[in-house]
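K.L.:
This is the structure, below, for whatever I ask next.
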Amino acid sequence: MKKVLVIFSFLAFLTISLFGFQAQDNVNTEERGAHNEGQEKGEVLFGEHDITKAILKENGHSSIEIEDVNELKTLKQMITSAYKEEGIVNMTKPSYSLAVTDEYNKQHRFHLWIGKKGEKSAFMKQEETHYIYTTSEEMTDILIQLIE
């Protein structure tokens, strides 16, 4: 009987925790910006530099070379509008790798996790694996259109 009670208590706690995180994740982007004013954004990765070329490779599949100016602007917007998340990062194997070249011919490499439509996405600099950057749901939708 005690075993059943312990298991039931654990499941109740887990359910409450998951619903709490889900509710927290549904904060709209305007509220998120207000809550994260002091949080570092992805703009520090590029500053004013433009992206001149990008290669998006799905793990185990072929790569997409992106040279269209509007698509490159979209990628830059994704990177510069993302929020840096502090803490220990424990992520699954990334779905994509992204290599972008800036106007000074400097290459930046990222691991990329693209969420489903209406979800956030995340990316991480390949050489700095202690942080992730998260994008808005809207940016994920745009990114999905870009790769289709």
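K.L.:
Name the one entry in Glu128, Glu85, Glu119 that is open to solvent by 40 Å² or more (accessible area, probe 1.4 Å) and touching a residue at least 24 places away in the same chain (Cβ under 8 Å).
P.N.:
Selected residue: Glu85, the only one of Glu128, Glu85, Glu119 that is open to solvent by 40 Å² or more (accessible area, probe 1.4 Å) and touching a residue at least 24 places away in the same chain (Cβ under 8 Å).
K.L.:
All but one of (1) part of a helix (DSSP H, G or I); (2) open to solvent by 30 Å² or more (accessible area, probe 1.4 Å); (3) at pLDDT below 90 hold for Gly60, so report the exception by its number.
P.N.:
(1)
K.L.:
Could you list, in sequence order, the residues of the stretch 84-103 that are more than 21 Å from Ala54 (Cβ to Cβ) and either of a type in the set (Gly, Ala, Ser) or not in a loop (DSSP other than H, G, I, E, B) (or both)?
P.N.:
Matches in the stretch 84-103: Glu85, Gly87.
K.L.:
Does the stretch 123-148 hold any residues that are closer than 19 Å to Ile64 by Cβ and either assigned to a helix (DSSP H, G or I) or in contact with a strand residue (DSSP E or B) (Cβ under 6 Å, 6 or more places away or on another chain) (or both), and which are they?
P.N.:
Answer for the stretch 123-148, where residues must be closer than 19 Å to Ile64 by Cβ and either assigned to a helix (DSSP H, G or I) or in contact with a strand residue (DSSP E or B) (Cβ under 6 Å, 6 or more places away or on another chain) (or both): Phe123, Gln126, Met139, Thr140, Asp141, Ile142, Leu143, Ile144, Gln145, Leu146, Ile147.
K.L.:
Looking at (1) in contact with a Pro (Cβ under 6 Å, 6 or more places away or on another chain); (2) touching a residue at least 60 places away in the same chain (Cβ under 8 Å), which is the only condition His111 fails?
P.N.:
That leaves (2) as the condition not met.
K.L.:
Counting only residues that are more than 13 Å from Val100 (Cα to Cα) and open to solvent by less than 80 Å² (accessible area, probe 1.4 Å), how many does the stretch 69-79 have?
P.N.:
Within the stretch 69-79, residues that are more than 13 Å from Val100 (Cα to Cα) and open to solvent by less than 80 Å² (accessible area, probe 1.4 Å) number 0.
The values are calculated or read from the model by the stated rules, or taken from the named source; none is laboratory data. Note that the coordinates shown come from a computational prediction; the quantities given were computed from them, not determined experimentally. Neighbour counts run over all protein chains shown; Cβ positions are idealised from the backbone, glycine included. Protein only, heavy atoms only, side chains kept; ligands, DNA and RNA dropped before computing areas. Shrake-Rupley method; radii C 1.70, N 1.55, O 1.52, S 1.80 Å.
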